[in-house]
1. Scan the stretch B:56-113 residue by residue and report those that are within 23 Å of B:L17 (Cβ to Cβ) and among the aliphatic types (A, V, I, L, M).
2. Any idea which residue in the stretch B:1-17 is modelled with the lowest pLDDT, counting only those that are surrounded by 11 or more Cβ atoms within 10 Å (Cβ to Cβ) and part of a loop (DSSP other than H, G, I, E, B)?
3. Please tell me if B:S57 is more than 8 Å from DNA strand D (Cβ to nearest atom) and either open to solvent by 60 Å² or more (accessible area, probe 1.4 Å) or farther than 24 Å from B:K26 by Cβ (or both).
4. Give me the residue from the stretch A:210-230 that is in contact with an Asp or Glu (Cβ under 8 Å, 6 or more places away or on another chain) and modelled with pLDDT of 90 or more and, out of that set, farthest from B:A151 (Cα to Cα).
5. Give all pairs with beta carbons closer than 8 Å in which a residue from the stretch A:36-59 that is over 12 Å from A:L79 (Cβ atoms) meets a residue that is within 16 Å of DNA strand D (Cβ to nearest atom) and acidic (D, E); count only pairs at least 6 apart in sequence or on separate chains.
6. I'd like to check something: does the stretch A:69-79 contain any residue that is buried (at least 18 other Cβ atoms within 10 Å of the Cβ), under 27 Å from A:V238 (Cβ atoms) and more than 16 Å from DNA strand D (Cβ to nearest atom)?
7. What single numbered condition from (1) at pLDDT below 95; (2) away from DNA strand C (no atom under 14 Å from the Cβ); (3) on the phi > 0 side of the Ramachandran plot fails to hold for A:G24?
2 protein chains.
Amino acid sequence: MNGDVELPENVALAWGLRDRPSRGPKRSLSLDQVVAAGIQIAQAEGLTAVSMSRVASELGVATMSLYRYVPTKHDLLDLMVDTAFGPPPHPRGADEGWRPALARWGEGNVAALRRQPWMRHVPISGPPINPNQVRWLEYGLVALRGTGLRASERISTIMLVSGYARSWATLTADIVEAAARTGQTPEQVGLRYWQHLAVLTAPGPYPAIHELLGEGEEYDDDVDLEWRFGLDRILDGVAAMIDARAAASSQ
Amino acid sequence: MNGDVELPENVALAWGLRDRPSRGPKRSLSLDQVVAAGIQIAQAEGLTAVSMSRVASELGVATMSLYRYVPTKHDLLDLMVDTAFGPPPHPRGADEGWRPALARWGEGNVAALRRQPWMRHVPISGPPINPNQVRWLEYGLVALRGTGLRASERISTIMLVSGYARSWATLTADIVEAAARTGQTPEQVGLRYWQHLAVLTAPGPYPAIHELLGEGEEYDDDVDLEWRFGLDRILDGVAAMIDARAAASSQ
DNA sequence: CCTAATCTGCGTATGGCATACGCTTATCTG
DNA sequence: CAGATAAGCGTATGCCATACGCAGATTAGG
């Protein structure tokens, strides 16, 4: 019943569905070791330090040996992301509403990206198909159970939250990294940005930006408050739809 | 008054603020020509085809000559994105509400990314600072004028919409590209995904995913409807806050 | 008008990178 | 024990960004 759909090589690999051959020498490594070595390098020295030869030397094998474990470097990166993301936070509790559950799910996304910032540089290769990604999907859907949202709407809502988490984590991590590079604090980097914007827009017709800069409120920003702001807007919007549906169907 | 803030080299470059030296030979190219050549290659053959030597040969110059125009390849990519994104759609009209204006602004983001899909592969290098990026920022802020939102809230709202536009455009473009690569239609690629998901989750505890697959509603999806769904949730959430503020202050 | 300063284009070289190919050797099946 | 198969990996190919420095063009200042 399952057999009539062929899984792509990289997917089968991620799910551990490759049947081991019985002939030939034993492998001296496991796929997990290769993936772990990649993650360790990425975490310690950044994604740019992850090359096939670097991973191989970390494991004490020759570069080309890795290709017995992984079809391409990109597949390795996908596996690294799936492993480093890890499993989602615990699922919606029995008496937990959809909203706190989905909020926790979103926070979990941000937390994972903050723990392993290199992941934001691995380009998304498609819809979630690897084991942990699917677990995240499952828990996200669990959070939206019983809300009256249709299938495609539940998917869209999850995409909305995870996309926001990713873009927000990316922006803040970029600032932290720029600060580290230039020996400044992240606050200084933020301040610089507004100063540059002020200089550049001074001669031109940018009334709304000048208004913004004039309010002088943008420096004392707590980043977590900003994250919550966007998340709460999304959740408010979803809540409005769920409530409207519930009202319409009970009437 | 402006002079006490030094602009980084790449920013000055993007804004055309480099004072031309008077000594030395005339340049045979302009920065715009270099950027245009890069865009043309990216559009025709994808971002991976854009190398310094490829751009140079397109222009009939030697590779190293480009470095007289651009400090690094990454700066070139940033300039390419800023130029290819182009200016934002026309700003909020005098009698236009914030909501349609912000919706148009979001649609404009998606439209730009769909016109030049290679842009999604250029990693975001920081907050928007290049000329067109700043124009987009300005118009986004104009859309939110008079809503009662604070400065940091206006920024967060704009980030929310542009982040969503980017992640949505990325996902759909990935599917279109995967389809082109395998000679399938995008619909077939989507169908395959759900089939793979069904096979992989069949043995495991994925009740919410099975529920989703069981609804059988996910195949006939109109992508633009899905985009609108997420956008409307965001806008509803923002509207809720704006209305609550207005009610509180008029009371 | 000349000389010194300065800039342009670019040839060359360095030190990477992913990965195709094919060989040797270890291991298992029948 | 023979044949099949797979593992590890040496070698080679064809990319890549970019550091460095030189030759020739152009101009400013005397």
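1. Going residue by residue through the stretch B:56-113, those that are within 23 Å of B:L17 (Cβ to Cβ) are B:65-88.
Those that are within 23 Å of B:L17 (Cβ to Cβ) and among the aliphatic types (A, V, I, L, M): B:L66, B:V70, B:L76, B:L77, B:L79, B:M80, B:V81, B:A84.
2. Initial filter on the stretch B:1-17 (surrounded by 11 or more Cβ atoms within 10 Å (Cβ to Cβ)): B:2, B:5-15, B:17.
Checking which are part of a loop (DSSP other than H, G, I, E, B) leaves us with B:2, B:5-8, B:15, B:17.
Values: B:N2: 45, B:V5: 77, B:E6: 85, B:L7: 92, B:P8: 93, B:W15: 97, B:L17: 92.
By that ranking, first place goes to B:N2.
3. Numbers: more than 8 Å from DNA strand D (Cβ to nearest atom): yes; either open to solvent by 60 Å² or more (accessible area, probe 1.4 Å) or farther than 24 Å from B:K26 by Cβ (or both): yes.
Judged against the criteria, B:S57 is a match.
4. A:F229
5. As it stands, the answer is A:Q40/A:E58; A:I41/A:E58, since those pairs meet every condition given.
6. Step one: list which residues in the stretch A:69-79 are buried (at least 18 other Cβ atoms within 10 Å of the Cβ), which gives A:69-70, A:75-79.
Still in the list and also under 27 Å from A:V238 (Cβ atoms): none.
For the stretch A:69-79, residues buried (at least 18 other Cβ atoms within 10 Å of the Cβ), under 27 Å from A:V238 (Cβ atoms) and more than 16 Å from DNA strand D (Cβ to nearest atom): absent.
7. All conditions pass for A:G24, except number (2).
Yes/no matrix, rows are residues, columns are (1) within 30 Å of the chain's Cα centre (by Cα); (2) in the same structural domain as B:T72 (by TED's automatic domain parsing); (3) closer than 18 Å to B:P128 by Cα:
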{"position": "B:L13", "(1), (2), (3)": "yes, yes, yes"}
{"position": "B:G16", "(1), (2), (3)": "yes, yes, yes"}
{"position": "B:R20", "(1), (2), (3)": "no, yes, no"}
{"position": "B:P25", "(1), (2), (3)": "no, yes, no"}
{"position": "B:L29", "(1), (2), (3)": "yes, yes, no"}
{"position": "B:D32", "(1), (2), (3)": "yes, yes, no"}
{"position": "B:A36", "(1), (2), (3)": "yes, yes, no"}
{"position": "B:I41", "(1), (2), (3)": "yes, yes, no"}
{"position": "B:A44", "(1), (2), (3)": "yes, yes, no"}
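The values are calculated or read from the model by the stated rules, or taken from the named source; none is laboratory data. Quick caveat: nothing in here was measured; it's all calculated off a predicted structure. Because the Cβ atoms are built from the backbone with ideal geometry, glycine has one as well, and the counts that use them run over all protein chains shown. SASA here: full protein model, heavy atoms, side chains in, ligands and nucleic acids out. Shrake-Rupley method; radii C 1.70, N 1.55, O 1.52, S 1.80 Å.
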